[in-house]
Amino acid sequence: EARSAIHVSDLFIRPVLEEKRAEAWVEVYNCGIERVEDLSLRLSVFGQNFKKTVFKGRVEKLAYAGPTVNYYKVAFDMPKARLWELDSPWLYQAQVEVVDKKGKVLDVVQKQFGMRSFRMEEEVEPKGRFYFNEREIRLRGANTMGHMQQCVMKKDWDQLRDDILLAKICNMNFFRLTQRPVQPEIYDYCDRLGMMTQTDLPLFGELRRNQFAEAVRQAGEMERLVRGHPCNIMVSYINEPFANGHNKPHRHLLRNELEAFFSAADKAVRLANPDRVIKAVDGDYDPPAPGLPDNHCYNGWYNGHGLDLGKLHKGFWQKVKPGWHYGCGEFGAEGLDFADVMRKHYPAEWLPKNAEAERNWLPDAIPQAQTGMFHYIWFETPKTLDGWADASQEHQRWITQLMTEAFRRDSRMNTIAIHLFIDAFPSGWMKAIMDFERRPKPAFFAFRDALTPLAVSLRTDRYKFFAGEEVNIEAWICNDLPDAVEGCSLRYQLELGKKVVLFGRQKALIPVCESRFQGFVRFVAPKVDKRTQAVLRLGLLDSNGKVLHDSSVDMEFFPEPEPLGGKVVVVGAKKGKAAQLARELGLKITSSLDTRHSPLLLIDDYAQYDRKRKEIAAAVKNGATAVFVELPEGKYKVAGSNVEVVASAMNPRHFVSRNTGHRLVEGVKADDFKFWYDSSAGFVTPLLKTVFFAPGFKEVLTSGNGKWNGKWGSTLAAAEKRHGTGAFRICQISLAGRTAANPTAKLFARNLLVP
C-alpha cells in the first residue's frame, strides 16, 4: 500500500455525550527524519446512514509533525446528535485531510462513528450496573467462535449481515467475541446493524511470566482496533484463569501478579480510550477479580459445574463478592448436528455403515463430541442417528430454557452469553444453537423466547402432582427495558386436555430493568382417574388486552394410589432410609422374619444383612422380596454376586434411564426419573449419588460412568436377581423422602416392593 510520506495512520472519534461534543484523535505519521512545519487538518462530519452535514472543511493548524507518529486532538460540538441506538444505529462519517502550507492535500481518511455512551457503575451499590446512553441495560447474547470470520474470509457480506440479524431476531443484543478480536469488517457491520460486542484478549487460563509486557502491549493494540466502533462496549483480558498459575507457578503468573497485569493493561487500554468499560476476567476460577464478577456455568452439561442445576433453578448462584451485579459469560449444553447434516458433511468413518450398526452407534465416533459420554447423565441412549440428534437437541433446548429463565429472574445477573450461537463448521462446536447451515436447533427458539425483553416466567420445582394436592407455581415478570409499562395485567389458565378448568387475573407490577416476583398461581390439583397431562399458561396483557408475552408449564396429575398396607422387615436403623421409605408407603415395620412365608424386606445396613444372610436367602427362596436401599460406596456379596457401588462420575445425577424392558418399569415414561423435588431441601436435588456393577443382576434402571475425556459405559442404578420364587433387588436412586412429592417416585417404589 503506497502512502504519502505525511499521512494519517489512525483516526478515532471519541464521543463525549455529556458535553454534547466529540473529539477527533488524529495520528499523523511522518516517514521522514525532519519535522515538517505548517501543516493543517481539514475536518468534515456528515451523516453516514442519513442525510446531514454537521460541518464541512473546518481547518485546524498544526504546530509541526515530527518523525514517526504525532498525536492531535480536535474537539467539535455535536449539539443535536442522533444517538447510536440498538434499534436505530445512526452513524456519522468523519473525513480528515492533511494539508501542507501550499494547500495541497497530502492524505485523506474517512471513519464511521456513532454518538453513544456506555459505562459501568463502580461506586454506588449495587455496583456493576450497565448504562447505555445513560439508560440502564442488561447484556443478553452469545459467544461466537468463527462463523462471522468465515464470512469475511469468503467475502460473503450477505451472510455476515444475516448472521448479525439472526442474533437480533433471537432477542440478543451483544456478541462475546470469545478470546479474540476479529476483522474490522465485523465491527463495521455490527456498527451498522446495532449489535453490541465484547472483545476478549486471546488469553486463556494463565499468562506466561515472560509475556507480561507483550500482553500489556497487545491489550493496548486490541483497544486501538475496536475503540472507534460504537458497537464495542467492553473488553476482557483473560478467559477462565486458574489458581496457582494453573498449578504451574514455575511457568505462569500467580494471581497477585496476574492482577498486576490487569492494572497495567487497564492503563494501556485507557490511554487509548479513557471511556472503555473493562471486565478483567470472563469465567473466574480463582475469584475475586477486579470489577464485575463473572462465572461460567455448565451445570446442564458438565453436571454440577459451578453449582447444582436444582439450586440454579431455585434462584441460587455461585459465591461472588457482595455488593455487585455479576455475569455468566458461558453456559449451555451440546446438541448434535441434524442427522441430514451428518450424512451430508461428515466423513463416512464417523457414521454407522448400515442399519444394524446404527443401533449400536455412539457419537464417540465424532471427534471432540461429548454426547456419547455425557448423555448417560441426561437422557436415554437412542438407537438411530436421527434419534441421537433429536434427543441431544431436546436436552439442549430444555437446559437453554431452564438456565436462561433462571438468569432472567435473577436481577443481579447483569450479563449472560450462551455458548454458543452459530457453528463455523459441521461438527465444529456442537454447543451451538444454530448449525453451520444456519438452521436453528430447538434451543434457538427457547433462547429467543426466554430473552424476550419484557417477559413473564413460571417457576416450579414440581411438575407432577397427586390429585387433591395444593399446587403453588411462582409467577414472575422479567423486564430488561429501561422503562416501566403501565396498565398491564397477568392472566392465567389451567388446561386439562382441551378444557380450561381454572383461570384468573391480577394487576401486573412491572419494575424498571429488573425482575420481580408477582405471587403464586395457587390451586388444588384436580381429581383424575388416570395419569393426565395439563398445561398452566400465564400471559402478560397490555391495557388493550393485547398479549405482550406468555409462558407455560407442562404438568401431570395422578390419582393417589391406595396405601400398600401389610408388613415389612427393615434391616437397618429405625431412622434409616429403609425405615423412612416403609413409613412413606404406609407399611407396618416388624422385626419378625418368617422364612416360611413371603415377607417384604427393606435393607440399608449391609452388616445387619450379612449377619442374617442365611435367613434372608431362605425367605427370598420361598418368595420374599428383599430390596437394598442406597448402599454406601463399597464392595458387597449379594445373592452370590459380587456387587461394587461407586460414586457417580461428575457429581450426583438428576436423571436415570428406564429404557431396560424390565417389568418393574412397564408404562414408565422416559423422563419420569428426572429432576425430582426434595421436600427436605425445598428445591430439586440429585436423585442418584452412586451407581453399581453387579454381574448376574438384571438391569431395571441404568445410568453411566466414566472419566473426563475417557471411555464411558452403562452402569446400574437399580437391578434385580431372582432367587427361588423371590427376588433380590438393589436400588441406588433416592426414594426415601421423595415419594410424597414425586408421584413417579412413589409408583416406582411400590413396584419395587411387590413380588
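The values are calculated or read from the model by the stated rules, or taken from the named source; none is laboratory data. Nothing here was measured: the structure is a model prediction, and the numbers come from that model. As a convention, Cβ positions derive from the backbone with ideal geometry for all residues, glycine included, and neighbour counts pool all protein chains shown. Please note that ligands, DNA and RNA were not included when accessible areas were found on the heavy atoms of the full protein model with its side chains. Shrake-Rupley method; radii C 1.70, N 1.55, O 1.52, S 1.80 Å.
Brief remarks on what is shown
- Residue within segment 367-375 that is part of a strand (DSSP E or B) and buried (at least 18 other Cβ atoms within 10 Å of the Cβ) present: no
- Residue within segment 72-81 that is open to solvent by 20 Å² or more (accessible area, probe 1.4 Å), within 44 Å of the chain's Cα centre (by Cα), of a type in the set (A, V, I, L, M) and modelled with pLDDT of 95 or more present: yes
- Residues (within 25 Å of Gln179 (Cα to Cα), open to solvent by less than 40 Å² (accessible area, probe 1.4 Å) and assigned to a loop (DSSP other than H, G, I, E, B)) located in segment 123-155: Gly128, Arg138, Gly146
- Within segment 17-51, being without any contact (Cβ under 8 Å) to a residue 40 or more places away in the chain and either open to solvent by less than 20 Å² (accessible area, probe 1.4 Å) or charged (D, E, K, R) (or both) holds for Glu19, Glu34, Arg35, Lys51.
- Annotation note: of Asp266, Asp286, Asp294, Asp275, the sole residue that is open to solvent by less than 10 Å² (accessible area, probe 1.4 Å) and either farther than 26 Å from Gly682 by Cβ or without any contact (Cβ under 8 Å) to a residue 60 or more places away in the chain (or both) is Asp294.
- Every condition in (1) surrounded by fewer than 19 Cβ atoms within 10 Å (Cβ to Cβ); (2) farther than 30 Å from Arg138 by Cα is met by Asp87 except one, and the failing one is (2).
- Verdict on Thr660 being under 17 Å from Tyr376 (Cβ atoms), of a type in the set (Ser, Thr, Tyr) and assigned to a strand (DSSP E or B): no
- When residues of segment 625-672 are limited to those that are of a type in the set (S, T, N, Q) and under 30 Å from Trp398 (Cβ atoms), the one farthest from the chain's Cα centre (by Cα): Thr660
- Hits in segment 484-543 - residues which are hydroxyl-bearing (Ser, Thr, Tyr) and open to solvent by 40 Å² or more (accessible area, probe 1.4 Å): Tyr492, Ser543
- Qualifying positions in segment 442-481 - of a type in the set (Val, Ile, Thr), under 23 Å from Pro561 (Cβ atoms) and touching a Lys or Arg at 6+ places or on another chain (Cβ under 8 Å): Val471
- The set of residues from segment 297-316 being in contact with an Asp or Glu (Cβ under 9 Å, 6 or more places away or on another chain), open to solvent by 40 Å² or more (accessible area, probe 1.4 Å) and assigned to a loop (DSSP other than H, G, I, E, B) comprises Gly315, Phe316.
- Any pair with Cβ under 9 angstrom, 6 or more apart, that starts in segment 430-454 at a residue that is modelled with pLDDT under 95 and ends at one that is open to solvent by 50 Å² or more (accessible area, probe 1.4 Å): Met430/Gln368
- Residues of segment 30-88 satisfying the condition of being under 17 Å from Arg116 (Cβ atoms), assigned to a loop (DSSP other than H, G, I, E, B) and not charged (D, E, K, R): Gln48, Asn49, Phe50, Met78, Pro79, Ala81, Leu86, Ser88
- Wholly within segment 432-546, strands (runs of 3 or more DSSP E) carrying at least 1 residues that are within 24 Å of the chain's Cα centre (by Cα) and over 29 Å from Gly335 (Cα atoms): 470-479, 514-524
- Restricting Leu747, Leu701, Leu687 to residues that are at pLDDT 95 or above and open to solvent by 20 Å² or more (accessible area, probe 1.4 Å) narrows the list to Leu747.
- Restricting attention to segment 63-80, the residues being touching a Lys or Arg at 6+ places or on another chain (Cβ under 7 Å) and under 18 Å from Gly228 (Cβ atoms) number 3.
- Only one entry in Gly634, Gly623, Gly696, Gly640 is more than 30 Å from Ala406 (Cβ to Cβ) and without any contact (Cβ under 8 Å) to a residue 40 or more places away in the chain, namely Gly634.
- Boolean, Gly228 is in a loop (DSSP other than H, G, I, E, B), surrounded by fewer than 24 Cβ atoms within 10 Å (Cβ to Cβ) and more than 27 Å from the chain's Cα centre (by Cα): yes
- Scanning segment 2-16 for residues that are open to solvent by less than 40 Å² (accessible area, probe 1.4 Å) and either free of Cβ contacts under 8 Å to residues at least 60 places away in the same chain or among the β-branched types (Val, Ile, Thr) (or both) yields Ile6, Val8, Ile13, Val16.
- Subset of segment 465-499 [acidic (Asp, Glu) and either modelled with pLDDT under 95 or in contact with a His (Cβ under 6 Å, 6 or more places away or on another chain) (or both)]: Asp483, Glu486
- Among the residues of segment 582-617, those that are open to solvent by less than 40 Å² (accessible area, probe 1.4 Å), under 23 Å from Phe697 (Cα atoms) and assigned to a helix (DSSP H, G or I) comprise Tyr609, Ile616, Ala617.
- Being closer than 30 Å to Arg135 by Cα, crowded, with 20+ Cβ neighbours inside 10 Å and of a type in the set (S, T, N, Q) is not true of Ser427.
- Scanning segment 235-263 for residues that are within 28 Å of Arg116 (Cα to Cα), open to solvent by less than 10 Å² (accessible area, probe 1.4 Å) and among the small types (Gly, Ala, Ser) yields one hit, Ser236.
- Any chance Lys319 is open to solvent by less than 40 Å² (accessible area, probe 1.4 Å) and basic (Lys, Arg): no
- Condition check for Arg408: more than 30 Å from Leu747 (Cα to Cα), crowded, with 19+ Cβ neighbours inside 10 Å and not aliphatic (A, V, I, L, M): yes
Conditions tested, residue by residue: (1) in contact with a Cys (Cβ under 7 Å, 6 or more places away or on another chain); (2) assigned to a loop (DSSP other than H, G, I, E, B).
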site	(1), (2)
Ser680	no, yes
Ser703	no, no
Trp708	no, yes
Ser714	no, no
Ala718	yes, no
Lys721	no, no
Ile730	no, no
Leu735	no, yes
Ala749	no, no
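- A count restricted to segment 90-104 and to residues that are more than 24 Å from Tyr187 (Cα to Cα), in contact (Cβ under 8 Å) with a residue 12 or more places away in the chain and surrounded by fewer than 17 Cβ atoms within 10 Å (Cβ to Cβ) stands at 2.
- Subset of segment 618-658 that is polar (S, T, N, Q) and more than 18 Å from Lys698 (Cβ to Cβ) - its residue that is modelled with the lowest pLDDT: Asn622
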